[in-house]
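Novice: Below you'll find the structure I mean.
Every number in this text was worked out from the coordinates using simple rules, so none of it is lab data. For clarity, every value in this text was computed on a predicted model and none was experimentally measured.
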Amino acid sequence: MKTMSLMLATVVLFLAGCATTFRPWKLSDVQEGMAKDEVVKILGQPDYTEERDDAEYFYYTYREEPAPAPEASMETNEEIERRIGQLNRTLKESKYEVMLVEGKVVNYKEL
């Protein structure tokens, strides 16, 4: 019983560690024509970048953090497994792209 509770707590902490500092609502502060360094100042460092077709692309990922783990209790293994399944289903990940040409923003969108 304690092993399953410990496992649940570990899974929750691991998933919470996957959270990013990127906040998609900050995209509204990004404007066409903005310089690359201004974008980074607003959105932070991208998860990765790519260059193609004379453009540079910044990619960001936003992961919703799961709810905090409940206090350890006398749950059965089935209840713990059900809770882990619910947690996995409630996590949401969104990806965003900022396109720059000649170092200036020309477009941004959710993928």
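Novice: So who's got an amide H within less than 5 Å of the one on Met34, skipping anything under 5 residues away but keeping other chains? H placed 1.01 Å off N, in plane.
Specialist: For Met34, the qualifying residues are Val105.
Novice: Let me ask something else about it. For the stretch 27-38, just list the computed ³J(HN,Hα) in residue order, Karplus coefficients 6.51, -1.76 and 1.60, θ = phi - 60°, integers in Hz, with x standing in for Gly and Pro.
Specialist: Coupling constants for the stretch 27-38: 4, 5, 7, 7, 10, 4, x, 5, 6, 3, 5, 5 Hz.
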